[in-house]
1. Would a scan of the stretch B:173-182 turn up a residue that is closer than 23 Å to B:Asp311 by Cα, modelled with pLDDT under 80 and within 27 Å of the chain's Cα centre (by Cα)?
2. Search the stretch B:78-96 for residues that are small (Gly, Ala, Ser) and pair each with any residue that is not in a helix (DSSP H, G or I) when their beta-carbon atoms are under 9 Å apart and the residues are at least 6 apart or on different chains.
3. Would you mention how many residues in the stretch B:90-135 are outside the structural domain of B:Ile150 (by TED's automatic domain parsing) and hydroxyl-bearing (Ser, Thr, Tyr)?
4. When only residues in the stretch B:50-88 that are charged (D, E, K, R) and more than 22 Å from B:Val5 (Cα to Cα) count, which is farthest from the other protein chains (Cβ to nearest Cβ)?
5. Specify the residue that is nearest to the chain's Cα centre (by Cα); the eligible residues are those in the stretch B:1-25 that are more than 10 Å from every other protein chain (Cβ to nearest Cβ) and assigned to a helix (DSSP H, G or I).
6. Tell me which strands (runs of 3 or more DSSP E) are completely within the stretch B:129-231 and hold 2 or more residues being closer than 30 Å to B:Lys304 by Cβ, or say none if there are none.
7. Using the structure shown, decide if A:Gly60 is within 14 Å of the chain's Cα centre (by Cα) and not aromatic (Phe, Trp, Tyr).
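The values are calculated or read from the model by the stated rules, or taken from the named source; none is laboratory data. This is a predicted model, so every value here is computed, not measured. FYI the Cβ positions are ideal-geometry reconstructions off the backbone, even for glycines, and counts take in every protein chain you see.
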Amino acid sequence: MAKPKKKAPSKVNKLLDIPQEVSTNIPKITIIGFEQMLIENYKSILEYQEFYIRISTYIGILNINGYELNLREMTTDDLIITGKIDAIDFEPIVDEQ
Amino acid sequence: MYFKVLLNKIFGYITIEVEGYFIERFMNLCNQRKIFLWNLKRIHSTIMNVNIGINDFKKLKQIAKKTKCRVKIKKKRGLPFLLQRYKKRKIFFALFLLILISIVVLSNFIWNIEIIGNEQIPSEEISQILEKSNFKVGRCKIGINTKEVINQIRLERDDIAWAGIEIRGTNATVKIVEADLKPELISEEEYCNLVATKDGIITKITAQNGTPVVEEGEVVKKGSVLVGGWLEGKYTGTRYVHANGEVQAKVWYSEKVQIPLKQMKKEKTGNEENKYSVKVNNFEINLAKRVSKFKKYDTIESTKKLKLFSDFYLPIEIHKTNFQEYQEKEIVYTLQEAENIGIQEAKQKLDEKVPNKDMISDEKIYKEQTSEYVEIEVVYEVLENIATKEKIIF
């Protein structure tokens with residue numbers, strides 16, 4: 001993972017209007033219908049069951065509940081999940097400063 | 001992403017079954033080493049099915065050891081596995097290659113020579129000339145100089161106006177345009193008469209040069225002199241000239257037709273029978289008995305040349321013989337019907353004979369009947385120029 005850990009886009013990137021998922025490590029989650037989901041910029045899979053997927057990202061943990069969940073494609077950056085998705089919830093990392 | 005899957009499908013992928021307690025760790029490690037996984041399916045809490053490319057599979061061994069997972073191959077798919085299956089069939093591949101090579105090699109030869117456009121000249125004569133200039137069936141296409149062959153044809157025959165050779169695939173088409181035989185031209189300086197080409201009654205003589213020998217209303221026979229090629233002057237005496245002019249005459253064309261009142265007519269019953277035979281060069285193999293099962297039948301034969309692709313003709317022909325059964329039926333015409341048919345037939349035949357239909361001046365129909373048939377004669381009276389030039393031979 002050679003990506004720098006950036007949470008907020010820099011001024012230059014803001015000015016140039018570069019998409020956040022490219023300039024930072026913030027994940028982009030796209031849900032197509034109720035049965036497909038694309039997650040970009042994820043870190044790793046914490047748990048994978050047929051009914052429950054737990055994915056860690058740079059800003060927190062993403063929980064997906066559903067049935068017959070499959071990972072259709074898996075690369076270092078992208079993850080496509082198919083299956084009947086019931087619920088999604090997030091567990092953001094709280095900055096301790 | 002989809003492209004990656006497609007590439008893997010071509011270059012081979014396997015479906016594996018991963019069994020272990022730390023499957024998530026296994027996936028993350030794969031991820032870290034940039035191994036592309038797709039179609040992940042958790043079947044059981046400890047079992048997962050994964051698709052993986054064959055090149056990445058070798059890296060998997062280490063990861064499996066690390067995560068204490070067992071990896072089983074379930075399915076192998078893709079081109080490399082398909083080829084491996086055929087590795088044992090060496091003869092199959094050898095023959096496949098042989099066929100490919102032979103098609104390529106054989107398509108460089110001429111397997112068919114078609115001669116078209118000739119009406120008077122028999123095709124055999126032309127093919128003989130072609131053979132002489134080494135243009136024959138079975139000759140390699142490379143190195144044929146069509147211009148040379150064409151020149152050879154033109155040199156040998158005077159009655160060919162134009163010849164062209166077109167080679168398409170293995171089929172060579174020799175196109176020929178026949179030259180009309182030139183009428184014998186008599187030059188202006190030579191002396192000639194005008195002579196009748198047909199029998200007829202003369203209606204008009206216009207002599208531009210020469211002395212008319214016949215008069216209007218005279219009956220002439222074929223070959224008799226109409227306008228003499230000489231002039232007689234008071235002082236000069238007889239002087240020979242090149243006769244020129246036009247002689248119009250009434251010419252008759254007649255056609256006799258006999259129509260029997262009782263006729264046998266063929267009527268198709270609709271029963272058909274096809275028989276095939278294969279012809280290789282001149283060797284024919286019958287696939288069935290040649291004799292038809294019908295008592296009375298028409299035979300229609302047709303041949304079809306076999307070809308590969310669009311223009312690679314093989315020297316193999318399929319010969320189809322079609323038998324069509326018919327029945328004979330007796331038809332009795334009334335007198336009127338028979339006459340009408342006869343007149344129609346006669347006129348049809350006459351139309352082919354008469355060169356210029358506009359000049360038909362009269363039309364006569366003669367009928368004659370017996371108990372068995374009706375005889376009909378149609379006569380056309382046509383005005384025509386019957387003069388042609390003929391050299392005076394002293």
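1. No - not one qualifying residue is present in the stretch B:173-182.
2. B:Gly78/B:Gly12; B:Gly78/B:Tyr13; B:Gly78/B:Ile14; B:Gly78/B:Gly53
3. 2
4. If we take residues in the stretch B:50-88 being charged (D, E, K, R) and more than 22 Å from B:Val5 (Cα to Cα), then B:Lys88 is farthest from the other protein chains (Cβ to nearest Cβ).
5. In this case the residue turns out to be B:Ile10.
6. Result: B:160-168, B:171-178.
7. Yes.
Residue-wise test of (1) more than 13 Å from A:Tyr48 (Cα to Cα); (2) without any contact (Cβ under 8 Å) to a residue 24 or more places away in the chain; (3) touching an Asp or Glu at 6+ places or on another chain (Cβ under 9 Å); (4) of a type in the set (S, T, N, Q).
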site: B:Phe26; (1), (2), (3), (4): no, no, no, no
site: B:Leu40; (1), (2), (3), (4): no, yes, yes, no
site: B:Asn51; (1), (2), (3), (4): yes, no, no, yes
site: B:Lys59; (1), (2), (3), (4): yes, no, no, no
